[in-house]
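The values are calculated or read from the model by the stated rules, or taken from the named source; none is laboratory data. All figures in this text were calculated on a predicted structure; none of them were measured in a lab. Reconstructed Cβ throughout: ideal geometry from the backbone, glycine too, with neighbour counts over all protein chains shown. Note: areas computed on protein heavy atoms with side chains; ligands, DNA, RNA excluded. Shrake-Rupley method; radii C 1.70, N 1.55, O 1.52, S 1.80 Å.
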Amino acid sequence: MATFYSDVFSSDPSTFTKQDRRAGALTAGAVLYKRAYLTIPDTANGDVIRLCKVHSSDRIHKLVMSSGDSGTAGTIDLGLYDLPDDPDGSGIGTAVDDDLFASAIDVNTAALSQVDQFDEAALDDFDRGKQVWELLGLSSDPQKEYELCATMDAGSTQAFEFLLEVEWSPGSAS
């Protein structure tokens, strides 16, 4: 009979009593919550909406979106951007992966109520809880902050409310 080990255990089965493969934040079970809310104006078209910061070592478990109806047009991407270079932080940084989490979310058909948006084609449920740098396909943690942003791909024809709820475990430098 074979014995199998999850990724919580060391890759060396002889040390099966050590749970050392994952960082402390995952084994400690700390799950935190962020809420990003705003009213998106009817003039938003191609605009980037800064929602919240995440650290490269954070582990994102859920991205849940609620929105009003944007009228007869409107799609949104959810992804990551570098922090802005300007001293006052009022600009937007360079896109790292502007649709890492979701692409072309339709907000013009009807209002959305707590729809999970961790659904981009490159990600699936088995990617939940991975560190942000792993989701980006990097080979190591760059130890930096990113901004989680929404991009209005197709402009809305009326102002609408937007809410993104994020559940995550903090990484080593959050």
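Numbers below:
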read-out	value
Which of Arg128, Arg50 is most accessible, then next, and so on - probe 1.4 Å	Arg50, Arg128
Segment 32-138, accessible area per residue, ligands and nucleic acids excluded (1.4 Å, Å²)	48
With every protein chain in place, segment 56-174: carbon and sulfur % of accessible area (1.4 Å)	48
Which of Gly171, Cys149, Phe118, positive extreme of dipole for segment 112-174 (C-beta unit charges)	Gly171
